[in-house]
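Taken together, the values in this text are just the output of simple stated rules run on the coordinates, not laboratory data. Keep in mind that what you see is a predicted model, and the values were worked out from it rather than measured. Cβ sites come from the backbone with ideal geometry, for glycine too, and all protein chains shown count toward neighbours.
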Amino acid sequence: MTPFKLHRICTIMEPEEGNEWEVEGVLNPAVTRGPDGDLYIFPRMVAKNNYSRIGIARVKFNEAGDPVGVERLGIALEPEADYEKRPNGGGGCEDPRITYVEPVEHYIMTYTAYGQYGPRIAMARSKDLFNWERLGLVHYSPYNGIDFNGIDNKDASFFPVDLPSPYNHTSIAMLNRPLFPLTRPEEIVKNDDVHQSDEQRESIWISYFNLKKGKNTSLESAKFTSHHCLAHPVYPWENIKIGAGAPPILTKHGWLLVYHGVQKHEDCTKDQPAFYYSAGVMILSETEPQKILYHSPDPILIPDLPEEKIGTVGNVVFPTGTDRRDDIGQPNRIDVYYGMADDRIGVAKMQIPDRLPDG
């Protein structure tokens, strides 16, 4: 039994009637507190033909402090750069995460740029959340002879403070999910779930950008290195793949990572793959982020509501944002914002337990 429990609050966003930017869904948002203390949400807004923009809205709360709705404020990013556009006229700025990264004194948005070469991780920065400057695609050093720059990648987010790399360099750490060949869920099913090693399932990786004293710490030309597979799928509910969800948030136990795991649907076949996307929790060491202190053996949220079971992609809960409720004097309360069946956005809340289970 996991000591972490998510309790649904509401469906906070759904496609707005008559809004052509959202006709194919509003989903998988970043959330962060602004300089004004308000909570802002950055949903992926999907127009016709899977054309994705990143919007911005302000979250509205009731007197009890629960989120109840949003005020739409416009567009934060839409496909403009070459790496965000596809030859058929489509394009994608998808699935953002946002962290205020203290060493660079900016909010950093990581998002999936879906261009002509497939999904890649891109970055943008802002001081105020309303004006965003693109920093381009993330660059990597090779890993065991593999050019990470040529591999599809998703689900990236930053830690908010500097951390030691495996070689004890002061660094900015980034979670990511490289999509190595033959690791996609559909490929796993077609290959009868046979793998040479755990690395051939999609996993959560961590990479580092080493900070140099007295040097410019802009991420614009940063190259990430010291790639390390942080966590493989372990438990039945996540045995097809896992991926980083919301950016890491510091709690009394260490870094809280709310992530997604995937298992086969009972109706899954080689010709018609079908999956469940659920949410789980990891706790990472505050000072050694590669050390996992807790990995939930069971999901903390599964597709259960009709809005989570039926949609653009059914049976999906996909966490991408968290809000620690310091604003109402409850630092042990974490609100989790998540995509519902690639169509809507839900929000649920949890309490950080007093202690972690042993072992």
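Which shape class applies to region 280-345: rounded if a/c is under 1.5, otherwise prolate when a/b exceeds b/c and oblate if not, where a ≥ b ≥ c are the square roots of the Cα gyration tensor eigenvalues?
Taking the square roots of the gyration eigenvalues as a ≥ b ≥ c, region 280-345 is oblate.
What is the packing order of peptides 79-92, 325-338, taking the mean over residues of other C-beta atoms within 10 Å and listing the highest first?
Sorting 79-92, 325-338 by mean packing, highest first, produces 325-338, 79-92.
Compute the Kirkwood hydrodynamic radius of region 7-351, taking the inverse of the mean of 1/r over all pairs of distinct Cα atoms, and give it in Å to one decimal.
Result for region 7-351 stands at 20.1 Å.
Using 23 Å as the Cα-Cα cut-off, could you pick out the over-long pairs in 252/349; 5/190; 154/223; 154/264; 60/349; 60/309?
In this structure, 5/190; 60/309 lie more than 23 Å apart at Cα.
Could you estimate the translational diffusion coefficient of region 1-121 from the Stokes-Einstein equation, with Rh from the Kirkwood formula over C-alpha pairs, at 4 °C and 1.567 mPa s, in whole µm²/s? Write down the numbers at each step before the final one.
On the way: Rh = 15.6 Å.
Once the numbers are plugged in, D ends up at 83 µm²/s.
Below 17 Å, Cα to Cα, which aspartates and glutamates can residue 212 reach? Residues fewer than 8 away in the same chain don't count.
102, 105, 162, 220
How big is the C-alpha Rg of region 239-359 next to the rule-of-thumb value 2.2 N^0.38 Å, as a ratio?
For region 239-359, the normalised Cα radius of gyration comes out at 1.12.
Using θ = phi - 60° and the Karplus relation 6.51 cos²θ - 1.76 cosθ + 1.60, list the HN-Hα couplings for region 309-326 in order, rounded to whole Hz, with x at every Gly or Pro.
Ordered by residue, 3J(HN,Hα) equals 8, 10, x, 4, 10, x, 6, 10, 10, 9, x, 9, x, 9, 9, 7, 8, 4 Hz.
If packing is taken as the average count of other Cβ atoms within 10 Å, what order do 290-297, 24-31 fall into, highest mean first? The partial results should precede the final answer.
Values: 290-297: 17.1, 24-31: 27.4.
Per-residue mean Cβ counts within 10 Å order the peptides as 24-31, 290-297.
Relative to the Cα centre, what is the charge dipole magnitude of the chain, using +1 at the beta carbon of each Lys and Arg, -1 at the beta carbon of each Asp and Glu, and rounding to the nearest 20 debye?
Once rounded to the nearest 20, the dipole reads 840 debye.
Rounded, prolate or oblate, given the Cα gyration tensor of region 86-140, with a/c below 1.5 counting as rounded?
prolate
What does the net charge come to around residue 11 if you take all other residues with beta carbon closer than 11 Å to its beta carbon, with K and R at +1 and D and E at -1? If you can, show how the numbers build up before the last one.
Details: positive: 8, 344; negative: 14, 307, 308, 343.
Result for the neighbourhood of residue 11: -2.
Would you mind telling me the antiparallel percentage of the DSSP bridges in the chain, rounded to 5?
95 percent
Return the calculated 222 nm mean residue ellipticity for the chain, to the nearest 500 deg cm²/dmol, obtained by summing -39500 (n - 2.57) across DSSP H runs with n ≥ 4 and dividing by the residue count.
-500 deg cm²/dmol
Just order 2-9, 102-109 by mean Cβ neighbour count inside 10 Å, highest at the front, would you?
Descending packing order for the listed peptides: 102-109, 2-9.
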